[in-house]
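Q: Mind having a look at this structure? Questions to follow.
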Amino acid sequence: MFNRFKLKKYTAISLIAIALSAVSAIAVADNEKLPQYKDYAVTDIYKQPNAPVNFADNKKAQPFHKILQQASKFKPNFAGQYILTSWGCGMFCLQMGIIDAKTGKVALPEPKLPAHWNKYLVGWTYEKPRVDSQLLIINAQLTTIPRDQPNSLKGPLKQTKAYYQWKNDQLKLLAFS
């Protein structure tokens, strides 16, 4: 036989389970709205020998000459004809280079992250690029306390994503979660 306390306990547990189910359903629905690789599909994949890296058009790429030359030996891995590579540049820093395998042109894009992340960002990486898509997904690590506050790096980190399209030699922010 149930007393009132047990009934309230089971009612509370049921309500929590229903709430969690609703939150899960919302999260699934939101993920369906986020950009997908197939939404930015590329069908023309470059398969010819890569052009030599052209540093003349991008003087900022000169200090990364060796890294970019090495990366240019690989087949395109991003957006049909591009070679996406990266290297560390200090604590909380990652530099990205994108080489056009057809022309040798080099871009050093800096992902423009949502402005409200600036106080919390401690680092980022990107998901493995796909040769058949222009979509690039950046994984950002954010503190839960602004970085300028004491002990901000001791707290838990929040993982979040930003979605970009590579078009006209630029990363265009599409969405973030």
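Q: I'm trying to understand the selection: among the residues of region 69-118, which are over 16 Å from Trp166 (Cα atoms) and in contact with a helix residue (DSSP H, G or I) (Cβ under 6 Å, 6 or more places away or on another chain)?
A: Trp87 - this is the single residue of region 69-118 that is over 16 Å from Trp166 (Cα atoms) and in contact with a helix residue (DSSP H, G or I) (Cβ under 6 Å, 6 or more places away or on another chain).
Q: What pairs come up if the first residue lies in region 35-55 and is in a strand (DSSP E or B), the second is surrounded by 13 or more Cβ atoms within 10 Å (Cβ to Cβ), and their beta carbons are under 7 Å apart, counting only those six or more places apart or on different chains?
A: Listed pairs, sorted by first residue: Ala41/Asp132; Ala41/Ser133; Asn54/Thr103; Asn54/Gly104; Asn54/Lys105; Asn54/Val106.
Per-residue answers, yes or no, for (1) surrounded by 14 or more Cβ atoms within 10 Å (Cβ to Cβ); (2) hydroxyl-bearing (Ser, Thr, Tyr):
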position	(1), (2)
Gly90	no, no
Leu94	yes, no
Gly97	yes, no
Lys105	yes, no
Pro114	no, no
Tyr120	yes, yes
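Q: Going by the conditions given, is Lys158 assigned by TED's automatic domain parsing to the domain that holds Ala41 and closer than 23 Å to Gln48 by Cα?
A: Taking the combined requirement at face value, the residue does not satisfy it.
Q: Also: Let me confirm something: among Lys66, Lys59, which residue is at pLDDT 95 or above and within 24 Å of Ala101 (Cβ to Cβ)?
A: After ruling out the rest, the residue left standing is Lys66.
Q: Follow-up question, since we're still on this one. I'm trying to understand the selection: among the residues of region 100-142, which are in contact with a Gly (Cβ under 6 Å, 6 or more places away or on another chain) and either farther than 24 Å from Phe55 by Cα or of a type in the set (Gly, Ala, Ser) (or both)?
A: If the condition is that a residue be in contact with a Gly (Cβ under 6 Å, 6 or more places away or on another chain) and either farther than 24 Å from Phe55 by Cα or of a type in the set (Gly, Ala, Ser) (or both), then Gln141 is the only one that fits.
The values are calculated or read from the model by the stated rules, or taken from the named source; none is laboratory data. Fair warning: this is a prediction, and the values are worked out from it, not measured in the lab. Cβ atoms come from the backbone with ideal geometry, glycine included; neighbour counts cover every protein chain shown.
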